[in-house]
Structures are given as C-alpha cells and as structure tokens.
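> Got a structure here, written out as structure tokens. Questions coming.
Bear in mind these aren't lab numbers, they're just calculated from the coordinates by the rules spelled out. Since the model is a prediction, treat every value here as computed from it, not as a measurement. Backbone-built Cβ (ideal geometry, glycine too); neighbour counts: all protein chains shown.
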Amino acid sequence: MPTSWNAGLLHDIGKIGIPDAILHKPGRLTDDEFAVFKQHVALGDAIVRDLPDLDLIRAGIRHHHERWDGQGYLDGLAGEEIPLVARILAVSDAFSAMTTTRPYRKGLPVEEALTRLGDAGGSQLDPRLVEIFVKGIRSEADAPLPAEPTSVAALPALQVPGRQVA
C-alpha cells in the first residue's frame with residue numbers, strides 16, 4: 001500500500017488527544033477552543049514520530065492544515081513549501097469536511113463542494129491539485145463520493161513495519 005494512503009488514513013490521528021467537548025461542539029469554536037483544536041496536527045506528529053520510515057506520513061499529518069497562501073497552521077508554510085502529501089490531503093480533507101454532515105450543519109451536495117474547492121484554489125489550496133481533484137471526481141466512474149460510503153472492512157489494512165493494523 002502506498003505511504004500516501006497511510007498518511008490519508010492517519011492525518012487526523014491527533015484528534016484523539018482533543019477533548020470531545022471541542023470535537024463534538026454543535027456550534028462555532030471559541031478562539032481558545034480553536035487554539036486547542038489546532039494542536040491535533042502536532043499531537044498526531046508526536047504519536048507517530050517513533051515509528052520507522054514514516055517521514056512522508058508525518059509530513060502529511062503535521063502539515064495538512066497549512067494553506068497555499070501561508071495563513072494555515074502550525075508552521076505557516078506557503079505554496080510549494082508545504083509537502084506535496086499535505087497539499088493532497090488538504091484538498092481531500094476539505095472535500096470530506098464539506099460533504100460530511102456535522103453536528104452543527106448538514107453536508108453540502110457534491111457539486112457545491114466542488115465549486116467551493118475551486119474557489120479555495122490559490123488561497124487555501126494548491127490550485128493545480130484542486131483542478132486535478134475536481135476533474136477526477138467529475139470524470140471517474142468509480143470516484144469515492146460521500147453518498148457511497150466505504151465500510152471500514154473494505155479498506156486495505158494499514159501497513160506498519162512489523163505489524164498489521166486493520
């Protein structure tokens with residue numbers, strides 16, 4: 001399994017260290033709550049840091065909330081300073097966040113989310129990757145859409161050297 005797949009599976013692992021009251025709050029987070037929430041990328045990086053051969057995965061975990069314009073977190077990276085794996089995860093994570101129903105709002109229809117992704121290209125997201133993602137979702141017959149959830153049992157096992165994690 002490609003390392004980038006593992007990065008996708010693990011990108012939000014640090015959320016296990018964020019209080020449920022913040023993760024499941026049915027409204028807008030306060031500035032203090034958002035400051036705590038933003039630490040999930042550093043927590044995730046710390047959780048996996050001692051596993052072997054995980055540099056690419058760590059880069060995806062730590063930097064998937066950086067923004068193309070440099071206004072993201074934690075390190076304020078911009079443009080191609082952001083590792084490619086993190087830029088890819090940012091696009092897919094944004095799409096997932098927009099199309100998933102949350103306690104505080106209903107998920108957006110796919111076309112609305114794709115339009116918003118296009119609007120975020122060049123500011124929040126890598127515009128080239130947004131273009132590729134949108135084209136893929138619109139043209140691939142088997143594109144993974146939110147209306148077609150994949151069961152956890154159907155996902156390939158996570159490959160960690162020395163063990164297998166389902």
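> Using the Karplus equation 6.51 cos²θ - 1.76 cosθ + 1.60 (θ = phi - 60°), what ³J(HN,Hα) coupling, rounded to whole Hz, does each residue of segment 87-100 give in order, writing x for Gly and Pro?
5, 5, 4, 4, 5, 5, 5, 5, 4, 4, 4, 6, 9, 9
> Quick one: which residues, 5+ away or cross-chain, put their amide H under 5 Å from the amide H of LEU125? H built at 1.01 Å from N.
TRP68
> Calculate the spin-label point distance for ALA21 paired with ILE132, positioning each point 7 Å from the Cα along the beta-carbon direction, and give it in nanometres.
4.3
> Using θ = phi - 60° and the Karplus relation 6.51 cos²θ - 1.76 cosθ + 1.60, list the HN-Hα couplings for segment 21-38 in order, rounded to whole Hz, with x at every Gly or Pro.
4, 7, 4, 10, 4, x, x, 5, 6, 6, 4, 5, 5, 5, 4, 5, 4, 4
> Can you list residues whose amide H is under 5 Å from THR100's amide H, if they're 5+ apart or on another chain and H is modeled 1.01 Å from N?
Result for THR100 returns LEU108.
> Name the shape class, rounded, prolate or oblate, that the alpha-carbon gyration tensor gives for segment 3-165, where a ≥ b ≥ c are the square roots of its eigenvalues, rounded holds for a/c under 1.5, and otherwise prolate holds if a/b is larger than b/c and oblate otherwise. Intermediate values should be presented prior to the final figure.
Numbers: a/c = 1.23, a/b = 1.11, b/c = 1.11.
Taking the square roots of the gyration eigenvalues as a ≥ b ≥ c, segment 3-165 is rounded.
> Explain nothing, just compute: Karplus ³J(HN,Hα) = 6.51 cos²θ - 1.76 cosθ + 1.60, θ = phi - 60°, for every residue of segment 116-127 in order, whole Hz, x for Gly and Pro.
My calculation for segment 116-127 gives 5, 4, x, 5, 7, x, x, 10, 7, 10, 5, x Hz in order.
> Scan around GLY72 for amide H atoms under 5 Å from its own, H built in the peptide plane at 1.01 Å from N, and keep only partners 5 or more places away or cross-chain.
Under 5 Å from the amide H of GLY72 lie the amide H atoms of ARG67, each far enough along the sequence or on another chain.
> How far apart, in nanometres, would the label points at ASP119 and ASP32 be if each is projected 7 angstrom from Cα along the Cα-to-Cβ direction?
Label at ASP119, label at ASP32, 3.2 nm between them.
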